[in-house]
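Report on one structure; see the data block that follows.
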Ligand code: SF4
């Protein structure tokens, strides 16, 4: 598995030398450090590192984020979204998933770690305090892996500790790593949720380069559970061109052999999908991959998906298997339309808000009304 140890170069601005996150990266040692006087010098340093053949996943660029660090998940037109809130803590990822939409950003070089995240956290605490009756789910794993550098940045521990003061806040740290040891001894965990994206061993080997094995992910989930965390799982993307999810069902059984079902807060299901232009990009980045050779069809949001009946068969089999173990987690679909929801769950959600209400009410009943 790739870790901070596989990083070769760290690039940062001189003015950020005393920033706590920068200091912790520099203290790791064993890496080439490039300190730049200004943005112009930093850009030149990035170009020179690139030309020396250092790959994008071996260079960390530490910088302040200038945009909106806190936003609503953009979702997709015509599909039901869970109205999740996102915190941008970085951009790009150590791992190398064939299906990752970050492959769209072919020209973006380096693992960009934002170093001013703390400044923005106050906005969360204010919002959550002012709306105590609203259940919030906020996560950091949209444009990067939440935990790949977390033992160095300390962002997870800071978020968990501060979020523990707010019962209505479920902070989710989502990963394909086993990098959680540094989080186990935190005293007050509140409703922090450590979450793993899961796939079958075959698909992890084929499509999730550099990430932790299924065993390692589930061992970590068991350790997190044992340490008192809520946990969650994301089967996204489910890769099956014919709706056969037998190997995924084995993964579901494996989960519940390892962890206490009552501590699983949610499980998401999402079949593989891609946007226009993606096929061409991944053919270039991963020549020989066969992920996009299946027949897929454009939906109302322009994304290509398996046929509806294939997706419904896959989701129904997964849901039935999960329910045979437990009713504790809220199980939901990622980026699916109301008709798929109806066929799988027998519910009528007309909008993302309907689904969000059901999600919040489930979490409140299960984890807050004690
Ligand atoms: S772990 Fe997530 S962010 Fe990282 S490459 Fe894979 S899909 Fe992309």
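Relative contact order of the stretch 9-100, please, whole-number percent, based on alpha carbon pairs below 8 angstrom and at least 6 residues apart.
Values: 84 pairs, mean separation 25.6, N = 92.
The normalised contact order for the stretch 9-100 reaches 28 percent.
For residue 354 and residue 262, compute 0.36 nm times the residue count separating them, minus their Cα-Cα distance, and round to one decimal in nm.
Numbers: separation 92, 0.36 × 92 = 33.12 nm, distance 2.46 nm.
Gain on stretching residue 354 to residue 262: 30.7 nm.
Roughly what would the spin-label model give for residue 275 and residue 130, points 7 Å off Cα along C-beta, in nm?
Using points 7 Å along Cα→Cβ, the separation is 3.0 nm.
Given the Cα-Cα distance of residue 323 and residue 27 and 0.36 nm per residue of separation, how much length would full extension add, in nm?
Values: separation 296, 0.36 × 296 = 106.56 nm, distance 4.68 nm.
Result: 101.9 nm gained on full extension.
What is the ratio of the Cα radius of gyration of the stretch 276-366 to 2.2 N^0.38 Å, with N the residue count, to two decimals? Intermediate results must be reported in sequence, preceding the final value.
Details: Rg = 16.3 Å, N = 91, 2.2 N^0.38 = 12.2 Å.
Rounded to two decimals, the normalised Rg is 1.33.
If you take the beta carbon distance between residue 120 and residue 18 as r and set R0 to 22 Å, what does 1/(1 + (r/R0)^6) give as a FRET efficiency, to the nearest 0.05? Let's see the in-between values first.
Working: r = 19 Å, r/R0 = 0.87.
The pair residue 120/residue 18 has a calculated efficiency of 0.70.
Ordered by packing density, taken as the mean number of other Cβ atoms within 10 Å over each peptide's residues, highest first, how do 93-104, 358-369, 141-152 rank? Don't jump to the answer; show the numbers that get you there.
Values: 93-104: 18.7, 358-369: 15.8, 141-152: 22.7.
Put in order of decreasing packing, that is 141-152, 93-104, 358-369.
Cα gyration tensor of the stretch 1-63, axes a ≥ b ≥ c as square roots of the eigenvalues: rounded (a/c below 1.5), prolate (a/b > b/c) or oblate? Mind showing how you got there, number by number?
Details: a/c = 2.27, a/b = 1.06, b/c = 2.14.
It comes out oblate by the Cα gyration axes.
What percent antiparallel are the DSSP beta bridges of the chain, to the nearest 5?
Values: 11 of 49 bridges.
Antiparallel bridges: around 20 percent, rounded to the nearest 5.
What angle do you read, to the nearest 10 degrees and between 0 and 90, between the alpha-carbon axis of helix 246-258 and the longest principal axis of the chain?
70 degrees
Run lengths n ≥ 4 of DSSP H only: what is the helix-derived mean residue ellipticity at 222 nm for the chain, with -39500 (n - 2.57) per run over all residues, to the nearest 500? Mind showing how you got there, number by number?
On the way: 12 runs with 127 residues, N = 370.
That calculation yields -10500 deg cm²/dmol at 222 nm.
Could you work out how far helix 117-130 tilts from the main Cα principal axis of the chain, as a 0 to 90 degree angle to the nearest 10?
Approximately 40 degrees, to the nearest 10.
Give me the number: length gained by fully extending residue 301 to residue 51, i.e. 0.36 nm times residue separation minus the C-alpha to C-alpha distance, one decimal in nm.
Values: separation 250, 0.36 × 250 = 90.00 nm, distance 3.85 nm.
Contour length minus Cα-Cα distance gives 86.1 nm.
Relative contact order of the stretch 1-63, please, whole-number percent, based on alpha carbon pairs below 8 angstrom and at least 6 residues apart. Mind dumping the intermediate values first?
On the way: 71 pairs, mean separation 31.3, N = 63.
Contact order relative to length: 50 percent.
Compute the acute angle (0 to 90°) between the alpha-carbon long axis of helix 39-51 and the principal axis of greatest extent of the alpha-carbon atoms of the chain; round to the nearest 10°.
Tilt relative to the chain: about 80 degrees.
Distance from the Cα centre of the stretch 158-195 to that of the stretch 40-66, in angstrom?
The two parts, judged by their Cα centres, are 30 Å apart.
Using Cα pairs closer than 8 Å and at least 6 residues apart in sequence, work out the relative contact order for the chain, in percent. Spell out each step's value before the answer.
Numbers: 649 pairs, mean separation 58.9, N = 370.
That works out to 16 percent.
Which residues in the stretch 280-296 place their backbone N less than 18 Å from a point set 7 Å from the Cα of residue 242 along the Cα-to-Cβ direction?
290-296
Got a sec? Which residues in the stretch 309-325 would a label at residue 206 touch, if it sits 7 Å along Cα→Cβ and we count backbone N under 19 Å?
It comes to 310-315, 318, nothing else.
Each value in this text was obtained by applying a stated rule to the coordinates, not by laboratory testing. Values in this document were obtained by computation on a predicted structure and should not be read as measured data. Note that each Cβ is placed from the backbone with ideal geometry, even for glycine, and that neighbours are counted across all protein chains shown.
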